[in-house]
Amino acid sequence: MIKALCQQFPHGITDQVIQNDMPNLEAQQRAMAINRLLSLGQLDLLRNSSGLLYRMKDAQTASKMKGSDNQEKLVYQVIEDAGNKGIWSRDIRYKSNLPLTEINKILKNLESKKLIKAVKSVAASKKKVYMLYNLQPDRSVTGGAWYSDQDFESEFVEVLNQQCFKFLQSKAEVARDSKQNPMVQRNSSFATSHEVWKYICELGISKVDLSMEDIETILNTLIYDGKVEMTIIAAKEGTVGSVDGQMKLYRGVNPIIQPTGLVKAPCGLCPVFDDCHEGGEISPSNCVYMAEWLDF
């Protein structure tokens, strides 16, 4: 009867729900039935703001956790619920209400069984998040294509930046050389993010698979630099590169006014600007960025 009730509520039921549905079932009988289902690995024991929660476990998970005690099953379930974004050990402790020493022991045991894995997060390189062993970590954890071993790949981003701009420039030049009327030239100078993505993929300059979202991130930096402009048009459903009936178009542009030299000075974006002063360890006299800017 409890199993049938859990199947009606796949997200789980509380002890109060069982009492309301089975008023004639005594507390001792209810506890025995729940413990029996837990020992057989047919129920998951969770904890939420309202107390304990019982949820049916699928057959695949039950076979994986065969032989595990209830505490280990609880920690596994907490990690499973976190999905591919993972969960800190501190949050596991909060949700499971288990001592940290016991949690660390369980985590090592689950890792040795290859049921879970620890992944370093770019948000905090010294901390690890835990997720199921077969999951691909979310971009918010790994940093996506722009990170390698928690290090930001600035050179790789710069190369992509240059190649995307080069593609849009070449498309604009072809449009100008067509000698058509200005409006037709302008329209033909636009490229979709899918076209730019395809060009970058064919170049083979990336060791990782880049998505259209990745390329649009690069194109956005070019927009902020004043090198590219974007427009959005309506598109038929199913058109390659369209999302929700809309398509983004990009074109390379030449700035109307070149920025002044002072604007390009490295001081404005310098992370140690406040510590920089003449005679100090960091000073304009020995600044490598200032030297490069003056040579330019």
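The values are calculated or read from the model by the stated rules, or taken from the named source; none is laboratory data. Keep in mind that this is a model prediction, so the values were computed, not measured. Every residue, glycine among them, receives a Cβ derived from its backbone with ideal geometry; neighbour counts consider all protein chains shown. We work out accessible area using only protein heavy atoms, side chains counted, and drop any ligands, DNA or RNA first. Shrake-Rupley method; radii C 1.70, N 1.55, O 1.52, S 1.80 Å.
Of K120/K227; K166/K207; K57/K207; K120/K248, which pairs sit farther than 29 Å apart, going by alpha carbon to alpha carbon? Please list the in-between numbers first.
On the way: K120/K227 35 Å; K166/K207 20 Å; K57/K207 39 Å; K120/K248 34 Å.
Over 29 Å apart, Cα to Cα: K120/K227; K57/K207; K120/K248.
Within a Cβ distance under 15 Å of I200, other residues only, what is the Lys/Arg minus Asp/Glu net charge?
Cβ neighbours under 15 Å give a net charge of -4.
Would you mind working out the accessible area per residue for the chain, using a 1.4 Å probe, and quoting it in Å²? Intermediate values should be presented prior to the final figure.
On the way: 19340 Å² over 296 residues.
Result: 65 Å² of accessible area for each residue.
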Item to check | Matching label, Cα Rg over 2.2 N^0.38 Å computed from the structure shown, candidates (1) 1.50; (2) 1.01; (3) 1.12 | outcome: (1)
Checklist entry - T101: net charge of surrounding residues, Cβ under 13 Å, Lys/Arg +1, Asp/Glu -1, itself excluded? => result +2
Checklist entry - So what's the angle, to the nearest 10 degrees on a 0 to 90 scale, between helix 212-224 and the longest Cα principal axis of the chain? => result 40
Checklist outcome for this item: With all protein chains present, region 65-142 has a carbon and sulfur share of its accessible area (1.4 Å probe) in percent of 47
Checklist entry - Can you give the angle from 0 to 90° between the axis of helix 70-82 and the longest principal axis of the chain, with both taken from C-alpha atoms, to the nearest 10? => result 30
Checklist entry - By how many degrees, between 0 and 90 and to the nearest 10, does the Cα long axis of helix 193-203 differ from the longest principal axis of the chain? => result 80
Checklist entry - Which value in deg cm²/dmol, rounded to the nearest 500, describes the helix-derived mean residue ellipticity at 222 nm for the chain, given -39,500 (n - 2.57) per DSSP H run of n ≥ 4 and division by the residue count? => result -13500 deg cm²/dmol
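Could you compute the net charge surrounding K179? Neighbours are other residues with a C-beta less than 15 Å from the C-beta of K179; K and R count +1, D and E count -1. Can you show the working numbers first?
Working: positive: R176, R186; negative: E173, D177.
Here the count lands on 0.
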Checklist entry - If C201, C270 are ordered by their accessible area, calculated over protein heavy atoms with a 1.4 Å probe, which sequence runs from highest to lowest? => result C201, C270
Checklist outcome for this item: For region 65-142 (alpha-carbon point model, no solvent) the Debye-based log₁₀ I(q)/I(0) at q = 0.20, 0.22, 0.24, 0.26 Å⁻¹ works out to -0.81, -0.97, -1.15, -1.32
